Amino acid sequence: MHNRCAGKCFRGRSESRRIGSDREAAERLAAELNAQVATASPTHFRFEPISVAGLRQSFLDDHEHVLRSSMATMARSRTASRYLVEYADTVRSGLQAHDLAALGFVRSLRTYRVVPNGHPNTPQRPLSDKGMQFIAEVPPRSIDQFAMRNRRLPPDARNPLSELRLERLRIEDAKPIFVFDAETELQFLKAAAEWEFAIHFTRAKTGLRPGELCHLLVEDLDLAAGWLHVRNQPELDWSVKTRNERSVPLVSEVTANLHATIGDRPTGIVFRRPQSPARTGALTAANRDALGKRLQSNVLAERQHLARELTRAELSVIAKKRCVAAGALDPDQIRRSYLRIARRCGLPQATCSKSWRHSFVTLLQDANVDPLLRQITLGHQPAGRDELQGVFLSVAISASRAAMRRS
């Protein structure tokens, strides 16, 4: 018993738990536990049980009100963790989080059929291996860590999903990643309309995400020096996916493309919708401050109309409408444009517009660009490396230009 500590419980019986191989440490912890019990203080082993549904809601509230996670992250976490609650309800109403059976949960995921794109007319299919791996591993692991920090699980409990080794799950139904080469890229861009060419060519040579491209402002471009700056826009209720602002070097061909796109406009949205009213409207030349002030006036009017504070989801809707009114594209428009062009030019394997990012990474890799620099350029900048960004990005211009010539 030298590696266990014994302490009195509230019900009058003793309890023994393994804490290690040190006898003195066990005796010291046992004395502390007895003192805590005698004074009715919280013990090291005390926790507050909570249902699976209650734990999920507390976890989402923490991300919504404390961490202020992005709306996209919240949506993914809310959708994925819903499966956890549905399984718990099939086992027992109000199932406690520490009684959850990991193997039963994973087994239940095999029975689900989902709609891939959310459209009601799309045929259902079983969960993909990657989807099941994400649902069974990522949200539960985060929820488990949250529960341990807040003493909602026994202190000696382990995440049961970690014992299933889901990271070793065989992915058998993954679609192959499509990467453009010089021939298919030229084929694709030739089939694009004028406004589509400007968008997809820029994505191909900068690796921008659709949302970043839609929110790109003229004042974010430094074409004389050959830079494109991806910045958070809190006044427009928008931020980069990872919150990491970055600067992307531009080769001369991309600079010429952007010059032709913005013309002589000093401010405003860079890539506007075709036939947009904003091409002749008052918001055509609106800069970030002007758009932000217009958004705040819309938010104030809506708040007065509802006589309450707006939720983050409601603020996001108003901000999106304001950007649309300024002529901005919607990310879905870019994705639909990509699919139309791919079908038009005979590239059925090009089903995901993220292929431009994959292709851009491939170009940087072929040019022997440093892996850390690739992370910075794509917006996956590691924490604490801000001071290196200027040095690395100065090298990126020549590397990107070499990659561009290879394509």
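The values are calculated or read from the model by the stated rules, or taken from the named source; none is laboratory data. This structure is a prediction, so every number in the text was calculated from the model and none was measured. Don't worry about glycine lacking a Cβ; one is built from the backbone with ideal geometry, like all the others, and counts go over all protein chains shown. Accessible surface is based on the protein model in full, side chains and every heavy atom, while ligands, DNA and RNA are left aside. Shrake-Rupley method; radii C 1.70, N 1.55, O 1.52, S 1.80 Å.
Considering only residues in the stretch 240-257 that are closer than 12 Å to PHE201 by Cβ and in a helix (DSSP H, G or I), the one that is least open to solvent (accessible area, probe 1.4 Å) turns out to be VAL254. Residues in the stretch 54-71 that are modelled with pLDDT of 90 or more and open to solvent by 50 Å² or more (accessible area, probe 1.4 Å): GLN57, ASP61. Just one of the listed residues (ARG288, ARG336, ARG265, ARG312) is among the basic types (Lys, Arg) and at pLDDT 90 or above, namely ARG336. I'd like to know if the stretch 108-117 contains one or more residues that are touching a residue at least 12 places away in the same chain (Cβ under 8 Å) and under 30 Å from LYS320 (Cβ atoms). Yes: one or more hits.
Does GLU212 meet the test of being charged (D, E, K, R), open to solvent by less than 70 Å² (accessible area, probe 1.4 Å) and on the phi < 0 side of the Ramachandran plot? Here the answer is yes, as GLU212 does meet what is asked.
Taken across the stretch 230-237, residues that are touching a Gly at 6+ places or on another chain (Cβ under 9 Å) and aliphatic (A, V, I, L, M) do occur, with at least one present. Please tell me if ARG158 is in a helix (DSSP H, G or I), closer than 23 Å to LEU84 by Cβ, at pLDDT below 95 and of a type in the set (Lys, Arg). The answer is no for ARG158. Condition (residue is surrounded by 21 or more Cβ atoms within 10 Å (Cβ to Cβ) and either part of a helix (DSSP H, G or I) or in contact with a Ser or Thr (Cβ under 6 Å, 6 or more places away or on another chain) (or both)) applied to the stretch 165-176: is it met by at least one residue? No, the stretch 165-176 contains no residue that is surrounded by 21 or more Cβ atoms within 10 Å (Cβ to Cβ) and either part of a helix (DSSP H, G or I) or in contact with a Ser or Thr (Cβ under 6 Å, 6 or more places away or on another chain) (or both).
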